[in-house]
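Novice: Below you'll find the structure I mean.
The values are calculated or read from the model by the stated rules, or taken from the named source; none is laboratory data. Not measured: the values here are computed from a predicted model. Cβ coordinates were reconstructed from backbone atoms using ideal geometry, including for glycine residues, and neighbour counts include every protein chain displayed.
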Amino acid sequence: MSGTLIVAVLIAVAVGGVAYVFLYPLLSGERRVEQRTRDVSATEVELRHSRKAAHEGQGTRRQQVEDTLKQLEAREKQTKNPPLVVRLQQSGLTWSKRQFWILSVGAGLGATLLAWILGANYLIALGVGFSAGFGLPRWMLAYLKKRRETRFLEEFPNGIDVIVRGVKAGLPVVDCIRIVANESREPVRAEFRQIAESQTIGVPLPDACEKVYERVPLPEANFFGIVVAIQQKSGGNLSEALGNLSRVLRERRKMQAKIKAMSMEAKASAVIIASLPVVVMLLVYLSSPNYIELLWTTQLGRMMLFACAIWMSMGVLVMRRMINFDF
């Protein structure tokens, strides 16, 4: 009896142990806790990986934007002293370097001959010819470049608005650029036509837009190239970006007009002050020529005229510096 009881107790303990091992986790909920723990751990790992990937993607996009801005800054430094061919393009002329130099030499020889015919000595005639041959053509290029940039700024925001409305309507960017190239006024028409032609021969759109700044060295053209380049590399809403650019350009133009209006009084005062001595000297010469001709017939008078010219030039330069606003 005692042996049978011991065996029964041992069998009961073994069955209880087996039941505890296999049934207790199911009855107590430990299996569910372990499964939930594994699920939570897997979710945390996935979130960690996704955050890491998003951070890497954000860092890549930021790096792309920084690289684009560095390239544009380097290109802007290179365009400060452009070669002669680029300056001819910026002025809107289709001349070659040979034609420009022929015109310069012809202007210098013509001015020298004219000064010689009018009775000037050979030194003065050579000085006039040198000024006309090297100064006049470059002044003409600067004048034409400034006039072309002014016309470009007047029409450029309208061209950007056409692209924005076309992109919002579902048109491709290239088609919008062709519309601007066909319907805008010069020189915006010519610049966007060159972008469309560059696209036709396979030049990427960011590179074609960046070249606009080489032909029209304005901050507005540089902004346009930056926006398109960043959008093409890092993505984003092109219509929204160009819409903001158009608004910025119009606000800059308003600020420019406001500054010009506020500085006109100072400019008028500077012109009156600078021209007053010359006008008074001319009136005195017309009324009493013997009284004022001592200024250029005597040594002391010529020294006084030279000193007055230097002082007046210094005053004009100071006034110009005071009323010349950069914006």
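Novice: State all residues of region 253-274 that are within 29 Å of GLU155 (Cα to Cα) and of a type in the set (Val, Ile, Thr); if no residue qualifies, say none.
Specialist: The answer is ILE259, and nothing else.
Novice: Which of the residues that make up region 78-119 are under 17 Å from LEU136 (Cβ atoms) and among the small types (Gly, Ala, Ser)?
Specialist: SER91, SER104, GLY106, ALA107, GLY108, GLY110, ALA111, ALA115 - these are the residues of region 78-119 that are under 17 Å from LEU136 (Cβ atoms) and among the small types (Gly, Ala, Ser).
Novice: If you don't mind, another one. Looking at region 131-162, which of the residues that are free of Cβ contacts under 8 Å to residues at least 60 places away in the same chain and of a type in the set (Val, Ile, Thr) is nearest to SER184 (Cα to Cα)?
Specialist: VAL162
Novice: Among all residue pairs at least 6 apart or on different chains, which show Cβ distances below 8 Å where the first residue, located in region 289-304, is loosely packed, with under 12 Cβ neighbours inside 10 Å and the second is part of a helix (DSSP H, G or I)?
Specialist: TYR291/VAL284; TRP296/ARG302; TRP296/LEU305
Novice: Can you spot a residue in region 141-161 that is of a type in the set (Ser, Thr, Tyr), under 30 Å from GLU240 (Cα atoms), assigned to a helix (DSSP H, G or I) and in the same structural domain as ALA229 (by TED's automatic domain parsing)?
Specialist: Yes: one or more hits.
Novice: Okay, next question. With respect to the numbered conditions (1) within 19 Å of ASN158 (Cα to Cα); (2) in contact (Cβ under 8 Å) with a residue 40 or more places away in the chain, which one is the sole condition not fulfilled by ARG247?
Specialist: (2)
Novice: Quick one: is ALA169 of a type outside the set (S, T, N, Q), surrounded by 18 or more Cβ atoms within 10 Å (Cβ to Cβ), free of Cβ contacts under 8 Å to residues at least 40 places away in the same chain and out of contact with any Cys (no Cβ under 6 Å at 6 or more places or on another chain)?
Specialist: Criteria not met by ALA169.
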